[in-house]
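Okay, handing you the structure first.
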Amino acid sequence: MQRGSTPSGVRLKPSRPSRLAISAGSEAVTERWSMSRAEIFMPAHIGLPPPRSSAMLRGLNHWRNGFMSKMTLYGIWLSGPTYKVGLALSLMGQPFAYKHVDLRAGAHKQPDYLAINRFGQVPALVDGDLKLCQSGSILLYLADKFGKMGGKTPEEKARVREWLFWEFDRLASNIYRPRAIKRGFMKADDNVHQMYVNQATDALKVLETALAKSDFLVGSEVTIADVAVYGDVAYAEEGAIDLTPYPSVKAWMARVEELPGFKKYEDVLPKQDAA
Ligand SMILES: N[C@@H](CCC(=O)N[C@@H](CS)C(=O)NCC(=O)O)C(=O)O
């Protein structure tokens, strides 16, 4: 790029100094340039002038590592909890790298993976030096980090947590296990399958009552509570759990599926490593 011009081609004149400042977290990368007409604040997305000092380079690296580098999701595309994290990232508009963890080969119990997730399960999310696990906890982390989908008020945030704790207690296993039985991942007879279906039915009735009254689980907009619960009910039919008796649940699923960034589990999670 020609010196004195921005990546968008705006000519800068060295004669009349003005300030061009790019905030980089705690450090500020400040460049003194001038413009022929007005002072501009360069938006991050149009690029940056080449760094001309080591301090500036450090600032740019800090900014890039903190805000631009992708998080890495570890998981397997058939995993519901992994889907929840991938779906939340997609709805938040956050690109992510993906590492396939081969559960059948026992990769989740190997020392290198246990160093990422001490519980030996998927998903895990690596964000810089942070290694995070437990899908519900990761959803809360993402909502906090990006200031999105976590509820707007202290009460909404508390309600979001209530749904997260409830769904893993009452809904997730009672849908994931019958699905695992029907898909052949888990061996169990019909009575065991039916026991899970009965428990899922109780939970789905609770969900139906809540969703008959509002479009989303908390407040008037989608939150990570919807993502977590959607990441359970999306697998119901694979577990031979009929959702026909729950019209409000089905209507809410359709609302979630219309959100920008929504993807089905087969589409949001790559089937192998992906950058
Ligand atoms: N509570 C965990 C559950 C994770 C989980 O059950 N993951 C399954 C795959 S869907 C797994 O890693 N299973 C292997 C194992 O537990 O050994 C979460 O939400 O992240």
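FYI, it's all coordinate maths here, none of it is from the lab. Just so you know, these numbers come straight off a predicted model, no measurement behind them. As a convention, Cβ positions derive from the backbone with ideal geometry for all residues, glycine included, and neighbour counts pool all protein chains shown.
When DSSP assigns beta bridges and you keep just the ones with both residues in the stretch 71-147, what percent turn out antiparallel, to the nearest 5? Please list the in-between numbers first.
Numbers: 7 of 12 bridges.
If I count the DSSP bridges inside the stretch 71-147, around 60 percent turn out antiparallel.
Let me ask you something else. Counting Lys +1, Arg +1, Asp -1, Glu -1, what net charge surrounds residue 252 among other residues with beta carbon under 15 Å of its beta carbon?
Net local charge, residue 252 excluded: -4.
Moving to a separate point now. State to the nearest 20 debye the size of the charge dipole of the stretch 154-257 about its Cα centre, where the only charges are +1 on K and R beta carbons and -1 on D and E beta carbons.
It comes to approximately 200 debye.
Show the residues, 5+ positions off or on another chain, whose built amide H is closer than 5 Å to the amide H of residue 97.
Under 5 Å from the amide H of residue 97 lie the amide H atoms of 71, 72, 73, each far enough along the sequence or on another chain.
Okay, moving on. Report ³J(HN,Hα) in whole Hz for each residue of the stretch 112-118, in order, from the Karplus equation J = 6.51 cos²θ - 1.76 cosθ + 1.60 where θ = phi - 60°; Gly and Pro get x.
5, 7, 4, 6, 9, 10, 4
Also, quick follow-up: State the extension gain, in nm to one decimal, for the chain segment bounded by residue 257 and residue 118, taking 0.36 nm per residue of separation less the distance between their alpha-carbons. Don't skip to the answer; put the middle values down first.
Working: separation 139, 0.36 × 139 = 50.04 nm, distance 3.31 nm.
Length gained between residue 257 and residue 118: 46.7 nm.
Another one. For the pair residue 146 and residue 165, how long in nm is the line joining their label points, each one 7 Å along Cα→Cβ?
Spacing of the two 7 Å Cα→Cβ label points: 2.6 nm.
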